[in-house]
Amino acid sequence: MADVPHAWLLRWLKVPSERQLPEGTVRVFNAAPAYLNYRRVLLALKQVGVLVGAVVGWLFISHWMPMILDFPYTRPIMYALEAFVWVGYVVMLPVSFFVIRLDYELRWYALTDRSLRVHEGVMSLREKTMTFANIQQISIQQNPLQRLLGIADVKVETAGGGSGSRASDADLDPAEHLHEARFRGVSDPEAIRDAILERVRRHRDTGLGEPTELVTRHQEPPAGASPVAAAQELLAEVRELRGTLASRRTS
């Protein structure tokens, strides 16, 4: 029975039953199971903050507000607002944890022959595709809690990023650049970084965006050519040019 609301929500969100991988996909990565626990811990901390705020609000209405405000109907209205807050908190608490679980299941990262793709989000689907030819920097980021859980984020940056090109992100980074992509919560960040670097080097070696082996060509100089002969030819041309300029001045 636990799968019934899960399947119903997937149909309501029109989430495909199978992953729609891009053409030429060679590797697919998923967030580690510890990433789900990481998100749960962060959400629990947020919920504790909301709970503390609700308790402080109730104490204010019950004990401190009569000392400050003593207008008719003030307390009933405040009690009604406080009750609305508590009802919303109780309803959204299990829903928020369920959404985090669903976000973990729908999150995946893919590497193709020419680009990488990050697929994430539940209520608002977000997909980022970056070609290897435009990637400029790859870094691994890890906070103390991630280090404790054995996970990290792989951050990929492309050309064109600036302080004015930011987009809202409902995940862990509310100010992620439009020119950034993150492989969040992975247990093998070094392997992902190395796989991306390999493809970036391959594309930059060719210079054409084609994942082919680098072809080197060596152009031989013309037969019989030597530095001395080239210098003598250049000297003759300079003398001829000087003679032309001198004749123009005398005329």
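Go through (1) at pLDDT 80 or above; (2) in a helix (DSSP H, G or I) one by one and return the number of the condition residue 111 breaks.
(2)
If you take the residues of the stretch 98-130 that are open to solvent by less than 20 Å² (accessible area, probe 1.4 Å) and of a type in the set (Phe, Trp, Tyr), which of them is farthest from residue 42 (Cα to Cα)?
Per the criteria, the residue is 109.
Considering 151, 140, which residue is open to solvent by less than 50 Å² (accessible area, probe 1.4 Å) and either hydrophobic (A, V, I, L, M, F, W, C) or closer than 24 Å to residue 97 by Cβ (or both)?
151
Is it fair to say residue 9 is open to solvent by less than 40 Å² (accessible area, probe 1.4 Å), modelled with pLDDT of 80 or more, aliphatic (A, V, I, L, M) and closer than 30 Å to residue 187 by Cα? Even if it seems obvious, please write down each step before you answer.
On the way: open to solvent by less than 40 Å² (accessible area, probe 1.4 Å): yes; modelled with pLDDT of 80 or more: no; aliphatic (A, V, I, L, M): yes; closer than 30 Å to residue 187 by Cα: yes.
Here the answer is no, as residue 9 does not meet what is asked.
When you check residue 88 against the structure, is it within 21 Å of residue 30 (Cβ to Cβ), out of contact with any helix residue (DSSP H, G or I) (no Cβ under 6 Å at 6 or more places or on another chain) and at pLDDT below 90, yes or no? Give the derivation first.
Details: within 21 Å of residue 30 (Cβ to Cβ): no; out of contact with any helix residue (DSSP H, G or I) (no Cβ under 6 Å at 6 or more places or on another chain): yes; at pLDDT below 90: yes.
Criteria not met by residue 88.
Specify which of the listed residues (50, 95) is modelled with pLDDT of 85 or more, among the β-branched types (Val, Ile, Thr) and surrounded by 11 or more Cβ atoms within 10 Å (Cβ to Cβ). Don't jump to the end; show me each part of the working.
Working: 95 fails: surrounded by 11 or more Cβ atoms within 10 Å (Cβ to Cβ).
Step by step, each of 50, 95 is checked, and only 50 is modelled with pLDDT of 85 or more, among the β-branched types (Val, Ile, Thr) and surrounded by 11 or more Cβ atoms within 10 Å (Cβ to Cβ).
Looking at residue 165 and the list (1) modelled with pLDDT of 95 or more; (2) farther than 20 Å from residue 36 by Cβ, which single condition is not satisfied?
Among (1) modelled with pLDDT of 95 or more; (2) farther than 20 Å from residue 36 by Cβ, residue 165 violates only (1).
The values are calculated or read from the model by the stated rules, or taken from the named source; none is laboratory data. All figures in this text were calculated on a predicted structure; none of them were measured in a lab. Quick reminder, even Gly has a Cβ in these numbers, built from the backbone with ideal geometry, and neighbours come from all protein chains shown. Please note that ligands, DNA and RNA were not included when accessible areas were found on the heavy atoms of the full protein model with its side chains. Shrake-Rupley method; radii C 1.70, N 1.55, O 1.52, S 1.80 Å.
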